[in-house]
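Since the structure comes first, as structure tokens, the remarks are kept for the end.
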Amino acid sequence: MAGQMRLYYNPKSRAATARWMLEEVGARYDLVHLDFEAGENRKPDFLAVNPMGKLPTLVLEDGTVLTETPAIVAWLADAFPDAGLAPPVGSPARGRYYRWLMFNGSCLEPAAIEKLMRKDAAPLPKVSVGWGSYDDVVDTLEGALGQGPYLLGERFSAADLMIGSTLAWLAMFGAPRISESTLIQEYVERITDREARRRAQED
Ligand SMILES: N[C@@H](CCC(=O)N[C@@H](CS)C(=O)NCC(=O)O)C(=O)O
């Protein structure tokens, strides 16, 4: 059983996803709020924990430092198997689960950043970038969600928490297609309407 953890946190960051996952699995954790405006995440004491200066950063009871939201989400799903948020290791469903967890950081996030922050630039060459193109990413997600109700079928998993969380943020920022797609919006509503997520939003 994992012991007390420490989550370096800011509610307006990806750390909200890590906190939601901590609530889903019933982990014991303390929150350390870091104020971005005050530059607290760039101070030496935090950089000694995570040299990237990024949130979320989760410190386990034995001092192990975990960063990268999908890694934190995946580790928690395995450390708390009773929560039932990850398919059995070695099963085909586990492979699909990894697919969507990795898709978040290697395709969905960079495609969306390019789309939202490089509006006037020509798209990066599809053949070279791992996400191909923004439209390919959205088409692929819509294809998977069309079979729903969850990415793996009938059962909510940590992959939904990860992808759904990112989609919710992107919709909030008005990401083209994502904020307009009924299929994606219904999915986001379905997965965010959970007790654990509500608890994770309390301060
Ligand atoms: N690859 C990281 C990205 C983490 C990240 O960029 N976090 C942002 C907040 S959402 C951050 O800490 N920004 C503060 C900064 O860079 O100063 C992950 O998936 O967790």
Checking W131 against (1) touching a Ser or Thr at 6+ places or on another chain (Cβ under 9 Å); (2) exposed (fewer than 13 other Cβ atoms within 10 Å of the Cβ), which test does it fail?
(2)
Listed residues L183, L141, L151; which is farther than 22 Å from D82 by Cα, outside the structural domain of L31 (by TED's automatic domain parsing) and either buried (at least 22 other Cβ atoms within 10 Å of the Cβ) or among the charged types (D, E, K, R) (or both)?
L141
Identify, by number, the condition in (1) assigned by TED's automatic domain parsing to the domain that holds A144; (2) out of contact with any helix residue (DSSP H, G or I) (no Cβ under 6 Å at 6 or more places or on another chain); (3) surrounded by fewer than 19 Cβ atoms within 10 Å (Cβ to Cβ) that G105 doesn't meet.
(2)
By residue number, the members of the range 62-102 that are among the small types (G, A, S) and within 17 Å of S165 (Cα to Cα) are A71, A74, A77, A86
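Take the conditions under 17 Å from A74 (Cα atoms) and either modelled with pLDDT of 95 or more or in the same structural domain as A74 (by TED's automatic domain parsing) (or both) and apply them to L47. Does it pass?
Values: under 17 Å from A74 (Cα atoms): no; either modelled with pLDDT of 95 or more or in the same structural domain as A74 (by TED's automatic domain parsing) (or both): yes.
No.
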What pairs can you find where one residue is in the range 109-126 and more than 14 Å from V137 (Cα to Cα) and in the same structural domain as I178 (by TED's automatic domain parsing), the other is assigned to a helix (DSSP H, G or I) and within 16 Å of the ligand (Cβ to nearest atom), and their Cβ atoms are less than 6 Å apart, with a gap of 6+ or different chains?
none
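The values are calculated or read from the model by the stated rules, or taken from the named source; none is laboratory data. Please read these numbers as outputs of a predicted model, since none were measured by experiment. Here the Cβ is made from the backbone with ideal geometry for all residues, glycine too, and neighbour counts use every protein chain on show.
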